[in-house]
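Enquirer: There's a structure below that I have some questions on.
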Amino acid sequence: MTDRPVFYYDLASPYSWLAAERINSVFPEPPIWRPISYGFVIRHTGVTPWSMKPEREPDMSEIERRAQERGLLDVRWPEGWPLETPTLTAMRAATFAAEIGKVVSFSLAAFRQMFNAGRGLQELDTVLLAAAACEIHPNALKQAVERQAIKDRLKEATDEAIERGVTGVPTVAVNGQLFWGDDRLEEAASAAGS
């Protein structure tokens, strides 16, 4: 018996969005969706991500190309992304959504707000739009993102990912192996099926 694959992601990551749009159809059985705070992973590794470097245009163009090839809606980059669009509240909301069995639908709705509607998830109103799309009550979400237990759960998931060796998002953990990147989903799915 093997452990079920785990999909580590952050809602600020467009590569995580690309992976999220197809991961459940690539794997023989959907993996566990595990939101983590990539900002804390960055602090741990000390590695500056491509999105925070001046030469980020090639990656942005690559993301737009992949989205178009996959028939996804056009990419609309939120103003000030990524430095002015922190997602900590949204990641807490995703953690709460996992608690109530709506992590996939909430995460997809939040990713689409961020990268298709061009609305940064730093605004609670945008997070509430994503929650409404999957029928999470706004008052429940507002209370949940302030609960210490939700904050702790997100921190624990992030710490567990770091301990496991996750250095970037998206990463899929399969049978002790880590597959980092949207372009490695098929390889991860193959490892899960063997």
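Values quoted throughout were computed directly from the atomic coordinates according to the rules given, and no laboratory measurement underlies them. The model shown is predicted, which means the values in this text are computed figures rather than measured ones. Cβ placement follows ideal geometry from the backbone for every residue including glycine, while neighbour counts extend to all protein chains displayed.
Enquirer: Can you spot the lysines whose alpha carbon is less than 18 Å from LYS142's alpha carbon? Ignore those fewer than 8 places along the same chain.
Expert: LYS102, LYS151
Enquirer: Right, another one. If you rank VAL47, VAL75, VAL172 by fewest surrounding Cβ atoms within 10 Å, what's the result?
Expert: VAL47, VAL75, VAL172
Enquirer: Out of GLY46, LEU83, GLN122, whose Cα points farthest toward the positive end of the dipole of segment 6-193 (charges: +1 Lys, Arg; -1 Asp, Glu; placed on Cβ)?
Expert: GLN122
Enquirer: Still on this model: Could you put LEU121, LEU141 in order, starting from the residue whose Cβ has the fewest other Cβ atoms within 10 Å?
Expert: LEU141, LEU121
Enquirer: Using a basic spin-label model with each label point 7 Å from the Cα along Cα→Cβ, how many nm lie between THR48 and ILE162?
Expert: In this crude label model, THR48 to ILE162 measures out at 2.1 nm.
Enquirer: Give me the dipole magnitude in Debye, nearest 20, for segment 6-193 about the Cα centre, with unit charges on the beta carbon: positive for Lys and Arg, negative for Asp and Glu.
Expert: Approximately 340 debye in magnitude.
Enquirer: Going by how many other beta carbons lie within 10 Å of each one, how would you line up LYS53, LYS151, fewest first?
Expert: Result, fewest neighbours first: LYS53, LYS151.
Enquirer: Please figure out what share of the DSSP beta bridges in the chain is antiparallel and state it in percent, rounded to the nearest 5.
Expert: Antiparallel: roughly 65 percent of the beta bridges in the chain.
Enquirer: While we're looking at this one, here's another question. Between ASN175 and ALA133, how many nm apart are label points set 7 Å from Cα along the C-beta direction?
Expert: With each label placed 7 Å out from Cα toward Cβ, I get 3.4 nm.
Enquirer: What is the extension gain from ASN116 to ARG76, computed as 0.36 nm multiplied by their sequence separation minus the C-alpha to C-alpha distance, in nm to one decimal?
Expert: Working it through step by step, the gained length comes to 13.9 nm.
Enquirer: Separation between the ALA140 and GLU29 pseudo-spin-labels, each 7 Å from Cα along Cα→Cβ, expressed in nm?
Expert: Between ALA140 and GLU29, the label points sit 2.7 nm apart.
Enquirer: Helix-only mean residue ellipticity at 222 nm, the chain, DSSP H runs n ≥ 4 weighted -39,500 (n - 2.57), per residue, nearest 500. What is it?
Expert: After summing the helix terms and dividing by the residues of the chain, the value is -15000 deg cm²/dmol.
Enquirer: On to the next question. Considering only ALA161, GLN113, ILE100, whose Cα is most displaced toward the positive end of the charge dipole of the chain, charges sitting on Cβ of Lys, Arg (+1) and Asp, Glu (-1)?
Expert: Toward the positive end, the furthest listed residue is ILE100.
Enquirer: For LYS151 and ASP59, calculate 0.36 nm times their separation in residues minus their Cα-Cα distance, and state this gained length in nm to one decimal.
Expert: 30.0 nm
Enquirer: Report the FRET efficiency, 1/(1 + (r/R0)^6), for ASP125 and ARG184, where r is their Cβ-Cβ distance and R0 is 45 Å, rounded to 0.05.
Expert: Result of the calculation: an efficiency of 0.85.
Enquirer: Given all pairs of different Cα atoms, what value in angstroms does the Kirkwood hydrodynamic radius of segment 6-193 take?
Expert: 16.5 Å
Enquirer: What residue among PRO35, ILE136, TYR15 has its Cα farthest toward the positive end of the dipole of segment 6-193, where the charges are +1 on Lys, Arg and -1 on Asp, Glu, each on the Cβ?
Expert: Farthest towards the positive end: ILE136.
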